[in-house]
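Undergrad: Sending over a structure as structure tokens; questions will come in a sec.
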Amino acid sequence: MNNIARLTQRRRLFVFGLMLAVVAMAFIANSVLQVAADSPGLAPSAGIICTENVTATFTLSAKTGYINMADGNQVFMWSYAEGKDDFQYPGPILCVHEGDTVTVVLHNQLPEDTSIVFPGQVNVLANGTPVEPQFDVQGTMTSFSQVAPANGGTMTYSFVAEEPGTYVYQSGTNPALQTQMGLFGALVVRPAMAAPYDANLPADKQPMLAYNDATTVYNPDSEYMMMLSEIDPLLHRAVEMGQPFDMNDYNARYYLINGRTFPDTLAPNYASWLPNQPYSSLAHIYPFNDHEFLADGVTPNPAYYPYPALDRFVGMGVESYPFHPHAFNAQIVARDGRLLATPGGDNLYEERFSLPISPGQTTDAFYTFTDVYMWNPDAQPGDPDEFPVQLPGQQNLPSGLFYGSPFLGNQDTRPVGDVSFNQCGEFYHIAHNHNLQQITGWGVVLIGQITFTRIDPPMPNNCP
Ligand SMILES: [Cu+2]
């Protein structure tokens, strides 16, 4: 095959790939619609899936399994299952409350010893004795913590969750290999302090605090976890085949959010075609509105909701990820489970266009969508609330996915023949890694660390 023929073939492959992506998007949009219409009682299709237990006791089984990549590959993994459940990647998100005595029972079904460490937690016990490094007879350190022996061993870890925040748990035994194989998960410690009761809102719509600080108030319906990780499939293949792998050859090929590659990142929690990758990373942001009353100053404003969304970021690769949510700057309020503040208590929050997500680090970020123009889809030219952008005439508008306003889309009847996948005039903005290599997957473009942020139009709206 000459070079031109090869190029043409490559282009054809690329176009085919794009078509596949479009079909996948349409499929996912349909599934989102179906899930949104499901009756209550099912697992939530969006938001953080917290594994909770009133006694803060969790059983994790370290085991093997496979995950699906958007390019059709399957990758062999090690990760944690909750109790006797199936393998999942990443491990379950454990949610506890400040002051809880947290107990994690580790069952090891892997062919080598493993352990769990809890960075940021103090006075961790293993089977009741303080955690300490383990050494072999030559004096070489083999583990940061007491292990659950290979092929059926057990170890119980416990600690008091003293500080609220976002943390990780991960393998403390040969972590360069075992964490890369998938042995990690997130730990959320909720603060003792409650958010001030907001009399303008019903009991089930009350805000929460991320930390023991009133400025960290957020909307719990809009709380998300974003665990960013990476995979070298050749390393995973070697482990699967029981072959040696020289870690100097490590070269990540896949970059994932919550264990998924794009466009699966947008799929709902527990999507049926991803049986071992349960976590979505499509953040759903509700419009921010701090007007307690309508213009008459008396009528309560049905759109009142002055609390931001919270994204909890976790970096679990060996590379740093410059993560960029379009359409917003993020407000970083905490790193590694510690509020960004001076010793005197003044906040040092950072407004970020791009969030640096570093290995082993956690970052808590707020997003606020403010309807600064008080947009009204029915406003006429000359009205005080007229949107300051002139809409083009209907004949000059190609109708498509985001028909309507140049800003958020409205809820008018669509033109005959128009096809749209958005449910209520909501808008989707991409949120992605700014390192171009890290949005690829083994050479395929646009399947890496990419997800979307869903923003609903200003209230009142018909959004589910
Ligand atoms: Cu960008």
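Undergrad: Across the stretch 167-209, what is the total count of residues that are closer than 30 Å to GLU292 by Cα, outside any loop (DSSP other than H, G, I, E, B) and not acidic (Asp, Glu)?
TA: Selection size over the stretch 167-209: 5.
Undergrad: Is one or more of the residues making up the stretch 322-339 over 30 Å from MET459 (Cα atoms), within 20 Å of the chain's Cα centre (by Cα), of a type in the set (S, T, N, Q) and not in a strand (DSSP E or B)?
TA: There is no residue in the stretch 322-339 that is over 30 Å from MET459 (Cα atoms), within 20 Å of the chain's Cα centre (by Cα), of a type in the set (S, T, N, Q) and not in a strand (DSSP E or B).
Residue by residue, here is whether (1) under 30 Å from MET208 (Cβ atoms); (2) not β-branched (Val, Ile, Thr) holds:
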residue	(1), (2)
VAL75	no, no
ALA81	yes, yes
GLY91	yes, yes
VAL104	yes, no
ASN108	no, yes
ASN127	no, yes
MET155	no, yes
GLY165	yes, yes
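Undergrad: Considering only residues that are under 15 Å from GLU230 (Cα atoms) and not β-branched (Val, Ile, Thr), which ones fall in the stretch 447-464?
TA: Passing the criteria: GLY448, GLN449.
Undergrad: Against the conditions (1) part of a loop (DSSP other than H, G, I, E, B); (2) open to solvent by 50 Å² or more (accessible area, probe 1.4 Å); (3) touching a residue at least 24 places away in the same chain (Cβ under 8 Å), where does ASN251 fall short? Just the number, please.
TA: (3)
Undergrad: Against the definition (under 24 Å from LEU310 (Cβ atoms), away from the ligand (no atom under 16 Å from the Cβ), at pLDDT 60 or above and under 29 Å from the mean Cα position of the chain (by Cα)), how does ASN461 come out, yes or no?
TA: Judged against the criteria, ASN461 is a match.
Undergrad: What are the residues in the stretch 169-189 that are open to solvent by 10 Å² or more (accessible area, probe 1.4 Å) and aliphatic (A, V, I, L, M), if any?
TA: Listed by number, the residues that qualify are ALA176, LEU177.
Undergrad: I'd like to know if the stretch 147-154 contains one or more residues that are part of a strand (DSSP E or B) and surrounded by fewer than 19 Cβ atoms within 10 Å (Cβ to Cβ). Steps first, answer last, please.
TA: If we filter the stretch 147-154 for residues that are part of a strand (DSSP E or B), which is where we start, we get 148, 154.
Remaining after also requiring surrounded by fewer than 19 Cβ atoms within 10 Å (Cβ to Cβ): 154.
Among the residues of the stretch 147-154, at least one is part of a strand (DSSP E or B) and surrounded by fewer than 19 Cβ atoms within 10 Å (Cβ to Cβ), which makes the answer yes.
Undergrad: Moving on. Run down ASP290, ASP336, ASP364, ASP371 and say which single residue is more than 16 Å from the ligand (Cβ to nearest atom) and free of Cβ contacts under 8 Å to residues at least 40 places away in the same chain.
TA: ASP290
Undergrad: Further question on the same structure: Of all residues in the stretch 339-361 being within 16 Å of the ligand (Cβ to nearest atom) and either small (Gly, Ala, Ser) or within 23 Å of PHE184 (Cβ to Cβ) (or both), which is surrounded by the fewest Cβ atoms within 10 Å (Cβ to Cβ)? Reasoning before the result, please.
TA: Applying the first criterion (within 16 Å of the ligand (Cβ to nearest atom)) to the stretch 339-361 yields 352-357.
Filter again for either small (Gly, Ala, Ser) or within 23 Å of PHE184 (Cβ to Cβ) (or both), leaving 354-357.
Values: SER354: 14, LEU355: 22, PRO356: 16, ILE357: 24.
The extreme case among them is SER354.
Undergrad: Could you tell me whether LEU256 is in contact (Cβ under 8 Å) with a residue 40 or more places away in the chain and among the aliphatic types (A, V, I, L, M)? Before the answer, list the steps.
TA: Values: in contact (Cβ under 8 Å) with a residue 40 or more places away in the chain: yes; among the aliphatic types (A, V, I, L, M): yes.
Yes.
Undergrad: So how many residues does the stretch 318-332 have that are open to solvent by 10 Å² or more (accessible area, probe 1.4 Å), within 13 Å of the ligand (Cβ to nearest atom) and farther than 22 Å from ARG253 by Cα?
TA: 4
Undergrad: From ILE430, ILE455, which residue is under 12 Å from LEU282 (Cα atoms), modelled with pLDDT of 75 or more and away from the ligand (no atom under 14 Å from the Cβ)?
TA: Testing whether each residue is under 12 Å from LEU282 (Cα atoms), modelled with pLDDT of 75 or more and away from the ligand (no atom under 14 Å from the Cβ) leaves just ILE455.
Undergrad: Quick check on the stretch 422-464: of everything there that is open to solvent by less than 10 Å² (accessible area, probe 1.4 Å) and among the β-branched types (Val, Ile, Thr), which residue is farthest from PRO263 (Cα to Cα)?
TA: Step by step, filter the stretch 422-464, then rank; the result is ILE455.
The values are calculated or read from the model by the stated rules, or taken from the named source; none is laboratory data. Model, not experiment: these values are computed from the prediction. When we count neighbours, we look across all protein chains shown, and the Cβ atoms used for this are built from the backbone with ideal geometry, even at glycine. Heads up: the accessible areas ignore ligands, DNA and RNA and are worked out on the full protein's heavy atoms, side chains in. Shrake-Rupley method; radii C 1.70, N 1.55, O 1.52, S 1.80 Å.
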